[in-house]
Amino acid sequence: MNSRREAVKEMWKRFIFEDELDEKLSSIVKDSWIRSKKWKVDPFQPYGQIKKIETERYKNLIDWSMPLMEGLYSIVKGSGFLVILCNEKGQLLKSIGDPDTLKMAVQIGFVEGADWSEQTMGTNAIGTSIVIDQPVQIFAEEHYSQICQSWTCSAAPIHDSKGNIIGVLNVSGPYEKVHPHTLGMVVSAVKAIEYQLKLNENTEKNIMMQRFLEATTNNMKESILIIDTEGKIIKANDQLKKLLCLDQSHLEGKKINEIFINKSIVSNKPVYLQNQELHLKVKPSRNTHHVMVDKIPIYKDKHWIGSMIMVKEIQKVRQFVNHLSGNQAKITFDDIIGQHPHFIQKLNEAKLAAETDSNVLILGESGTGKEMLAQAIHNASKRKNKPFIAINCGGIPRDLLGSELFGYVEGAFTGAKKGGSAGKFELADGGTLFLDEIGEMSLEMQVLLLRVIQEKEVMRIGGHKVIPVDVRIIAATNKNLREEVQKGSFREDLFFRLNVMPITLPPLRERKEDIPLLVRHFIGRLCKKLNKPFPEIRQDFLEALIQYDWPGNIRELQNILERTLNRNTKPILSAKDLPEEVFQMFPGQKKEEMLVHRDEIKKQSIVQALCLCNGNITKAAKHLGISRSTFYRQMKKFNIAY
């Protein structure tokens, strides 16, 4: 023991006088010495600093600690040890020990009120345990101040129920009597003190908590009752009493099967029930209430002691579901019109995709019905009763797309909603997320999306909690993603993740045989919507529509038909009723020629806008109603230098 002390003493001297640290020192002592020197603690101070302390503030801590301190002292009595209680700052509150040892403690100021924090006394068990928030034993010259170096001290912090340090229990004695078991005894005593404090705190809170729970349950919209293991009602909130037209005295002690018609709610086992549809008996009318019930077992020390039953009126539940119906797919394969062989082939591919849980990539020009196909796939899949969430990646500013997809925590950014917000991935959990215009997504967002797809978990913006999600991805774009990958504007790894089951929808000009079928279908729906009789459709009307090239595809066809019906007052539709744009195509002109013609118009528009705005690109882009980045791309495409 003496040789150990001499070795530590040499290490202490080299650090104090030469600023050298020995590698054999424990990391706890080493770090504490460094902090002590940084705080300019005097290692040769002759006394501890005594400060005034309000002991009344620590009455509960002292009252609950003293019996355990006395029990600990009875074990070390007569061996020269002290048992000491300190506050959270390291100030001594109470000391118990042998008379001779107490006298030695007085000589160095180790008395009630003394400040034994690390900032004041340097490395010592009391102050160091507070700094590192863990039990510690400091031996002889490991103490930073010389006045403590004849002692061995073992200390452990005392925590409240929230984990905050509220005090320290310490045992100090002659260095030659050091033993690891001493620290173990201190730790055990601290755990007992913390347990007693927690019991006391719980006792004081019980009445208040009971009142709080009663107020909470009585103000909940759901009806709630508590039953024991025999199915007897112990408590019911005001909502249930109103629902049953009964008061508390008529409910307490009743068996649960006296108010529920269905037997499935009655069980002598701790079973969970979720969204169980049942019927309640209502007095005095003897009517029944159709309700939805959740049943949750209640445990105490792992033993089942009863259950909580939450009752929701089915009508209110359905209203809530209807309120959220925007998150449900409405289109099925039966709603999709078309008989062209190529189109039927694509529908069959989509039906095969619906039978799997793989990601789907729907390709096609704008207006070809990509979202309708996505909804049909969802409704034919095993996820059909789960959410279908659609988001347009090109219609949301880049800065906002992340919060839309992944959600955010409170305070994540200026304007963030209080309490945060769930993103589309969380809302779509268990169902399908439809990412329209995926080709418009920024590379930064593509990285985050790829991670979610790979890990099947999401983290809200500004948060640290990982949230598991089970989401099937259906993406859609009118771009050629392979070309975008080659350009570097779309990640190759994300493309392969999405392109598991690709489906390319043909444009309307490649399935013109379906136009008469689509026309009759859309006119039938529009007549019902506009409260008009179904008109006679002349052959020239259909022929004019078939000859048109439909750059806007099915969406454009719907718009033109609705416009035509709104303007037409006769019960007959002929070619002359169609808008002029249908006839502006040059007969026999090829698609490639039309595209060249359109590009020339675009080029002229850009040149004219630049001239009009004196070369100011920002103003020119605003004049054309496009973004600066798009304007620059068009200038590059048409080789326009200005």
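The values are calculated or read from the model by the stated rules, or taken from the named source; none is laboratory data. Keep in mind it's a predicted model, so treat the numbers as computed, not measured. All Cβ positions, even for glycine, are placed from backbone atoms using ideal geometry, and neighbour counts span all protein chains on display.
Consider ILE138 carefully, then state whether it is part of a strand (DSSP E or B) and assigned by TED's automatic domain parsing to the domain that holds SER26. Yes, satisfied. When the stretch 36-71 is filtered for residues that are in contact (Cβ under 8 Å) with a residue 60 or more places away in the chain, assigned to a loop (DSSP other than H, G, I, E, B) and within 16 Å of GLY113 (Cβ to Cβ), the ones remaining, listed by number, are TYR47, GLY48, LYS51, LYS52, ILE53.
Residue count for the stretch 466-481 satisfying the condition of being assigned to a strand (DSSP E or B) and closer than 23 Å to ARG555 by Cα: 4. Does any residue of the stretch 112-120 turn out to be among the aromatic types (Phe, Trp, Tyr) and closer than 18 Å to ILE53 by Cα? The answer is yes, given that some residue of the stretch 112-120 is among the aromatic types (Phe, Trp, Tyr) and closer than 18 Å to ILE53 by Cα.
Scanning the stretch 497-509 for residues that are crowded, with 16+ Cβ neighbours inside 10 Å, over 35 Å from the mean Cα position of the chain (by Cα) and part of a helix (DSSP H, G or I) turns up just one, LEU508. Could you check, for the stretch 358-369, whether at least one of its residues is surrounded by fewer than 16 Cβ atoms within 10 Å (Cβ to Cβ) and touching a strand residue (DSSP E or B) at 6+ places or on another chain (Cβ under 9 Å)? Checked the stretch 358-369: at least one residue is surrounded by fewer than 16 Cβ atoms within 10 Å (Cβ to Cβ) and touching a strand residue (DSSP E or B) at 6+ places or on another chain (Cβ under 9 Å). Would you mention how many residues in the stretch 587-642 are at pLDDT 80 or above, part of a loop (DSSP other than H, G, I, E, B) and β-branched (Val, Ile, Thr)? Matching residues across the stretch 587-642 total 1.
Let's see how each residue does on (1) more than 33 Å from the chain's Cα centre (by Cα); (2) exposed (fewer than 12 other Cβ atoms within 10 Å of the Cβ); (3) at pLDDT 75 or above; (4) within 18 Å of SER307 (Cβ to Cβ):
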position: GLU214; (1), (2), (3), (4): no, no, no, no
position: THR229; (1), (2), (3), (4): yes, no, yes, yes
position: ASN237; (1), (2), (3), (4): no, no, yes, yes
position: ASN268; (1), (2), (3), (4): yes, yes, no, yes
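For VAL8, the conditions (1) outside any helix (DSSP H, G or I); (2) surrounded by 15 or more Cβ atoms within 10 Å (Cβ to Cβ) all hold with the exception of (1).
Report whether or not ILE337 is more than 20 Å from LEU498 (Cβ to Cβ), touching a Phe, Trp or Tyr at 6+ places or on another chain (Cβ under 9 Å) and β-branched (Val, Ile, Thr). So that I can check it myself, show each step before the final result.
Values: more than 20 Å from LEU498 (Cβ to Cβ): yes; touching a Phe, Trp or Tyr at 6+ places or on another chain (Cβ under 9 Å): yes; β-branched (Val, Ile, Thr): yes.
Against the criterion (more than 20 Å from LEU498 (Cβ to Cβ), touching a Phe, Trp or Tyr at 6+ places or on another chain (Cβ under 9 Å) and β-branched (Val, Ile, Thr)), ILE337 qualifies.
Figure legend. Inter-residue proximity from the stretch 533-551: first residues under 28 Å from GLU365 (Cα atoms), second residues surrounded by 15 or more Cβ atoms within 10 Å (Cβ to Cβ) and of a type in the set (Ser, Thr, Tyr), beta-carbon distance below 7 Å, spacing 6+ or different chains. Indicated pairs: ASP540/SER574; PHE541/SER574.
Which of the strands (runs of 3 or more DSSP E) found entirely inside the stretch 303-414 contain at least 1 residues meeting this: at pLDDT 90 or above, under 29 Å from the mean Cα position of the chain (by Cα) and not assigned by TED's automatic domain parsing to the domain that holds GLN239? Break it down into steps so the answer makes sense when it comes.
Details: elements: 303-313, 360-363, 388-392.
In the stretch 303-414, 360-363, 388-392 are the strands (runs of 3 or more DSSP E) which contain 1 or more residues that are at pLDDT 90 or above, under 29 Å from the mean Cα position of the chain (by Cα) and not assigned by TED's automatic domain parsing to the domain that holds GLN239.
Within the stretch 518-553, the set of residues being under 47 Å from the mean Cα position of the chain (by Cα) and surrounded by 14 or more Cβ atoms within 10 Å (Cβ to Cβ) comprises LEU518, VAL519, HIS521, PHE522, ILE523, LEU526, CYS527, TRP550, PRO551, GLY552, ASN553. Looking only at residues in the stretch 415-454 that are of a type in the set (Asp, Glu) and under 15 Å from the mean Cα position of the chain (by Cα), the one that is nearest to ASN385 (Cα to Cα) is ASP429.
Going through (1) in contact with a helix residue (DSSP H, G or I) (Cβ under 7 Å, 6 or more places away or on another chain); (2) farther than 23 Å from ARG5 by Cβ; (3) at pLDDT 95 or above one by one, SER161 falls short only on (3). Of the listed requirements (1) within 24 Å of PHE44 (Cβ to Cβ); (2) surrounded by fewer than 20 Cβ atoms within 10 Å (Cβ to Cβ), GLN134 misses just one: (1).
Any chance the stretch 72-88 includes a residue that's more than 23 Å from GLY173 (Cα to Cα) and either part of a loop (DSSP other than H, G, I, E, B) or assigned by TED's automatic domain parsing to the domain that holds ASN170 (or both)? Break it down into steps so the answer makes sense when it comes.
So in the stretch 72-88, the residues more than 23 Å from GLY173 (Cα to Cα) come out as none.
There is no residue in the stretch 72-88 that is more than 23 Å from GLY173 (Cα to Cα) and either part of a loop (DSSP other than H, G, I, E, B) or assigned by TED's automatic domain parsing to the domain that holds ASN170 (or both).
LYS103 meets each of the listed conditions (1) over 23 Å from VAL8 (Cβ atoms); (2) in contact with a Leu (Cβ under 9 Å, 6 or more places away or on another chain) apart from (2).
Restricting attention to the stretch 370-404, the residues that are out of contact with any strand residue (DSSP E or B) (no Cβ under 7 Å at 6 or more places or on another chain) and not polar (S, T, N, Q) total 15. For the subset of the stretch 270-302 comprising residues that are farther than 15 Å from CYS245 by Cα and of a type in the set (S, T, N, Q), which member is modelled with the highest pLDDT? Only one residue tops the list, namely GLN274.
What tally of residues in the stretch 440-451 results from selecting those that are touching a helix residue (DSSP H, G or I) at 6+ places or on another chain (Cβ under 6 Å) and in a helix (DSSP H, G or I)?
Residues of the stretch 440-451 that are touching a helix residue (DSSP H, G or I) at 6+ places or on another chain (Cβ under 6 Å), as a first pass: 442, 445-446, 450.
Pick out the ones that are also in a helix (DSSP H, G or I) and you get 445-446, 450.
Qualifying residue count for the region: 3.
If only residues of the stretch 51-97 that are of a type in the set (Gly, Ala, Ser) and surrounded by fewer than 18 Cβ atoms within 10 Å (Cβ to Cβ) are counted, the one that is nearest to GLY109 (Cα to Cα) is GLY80.
Residue pairs whose Cβ atoms lie under 7 Å apart, sitting 6 or more positions apart in sequence or on different chains, and linking a residue in the stretch 225-238 that is in contact (Cβ under 8 Å) with a residue 40 or more places away in the chain to a partner that is crowded, with 16+ Cβ neighbours inside 10 Å and not in a strand (DSSP E or B), are LEU225/LEU240; ILE227/ILE256. Within the option set ILE474, ILE515, ILE467, being at pLDDT 90 or above and in the same structural domain as GLY369 (by TED's automatic domain parsing) holds for one residue only, ILE474. Across the stretch 97-116, the number of residues qualifying as within 16 Å of THR152 (Cα to Cα) and either part of a strand (DSSP E or B) or under 54 Å from the mean Cα position of the chain (by Cα) (or both) comes to 3. Filtered by the rule that a residue be outside any helix (DSSP H, G or I) and crowded, with 16+ Cβ neighbours inside 10 Å, the stretch 14-35 gives a lone residue, LEU25.
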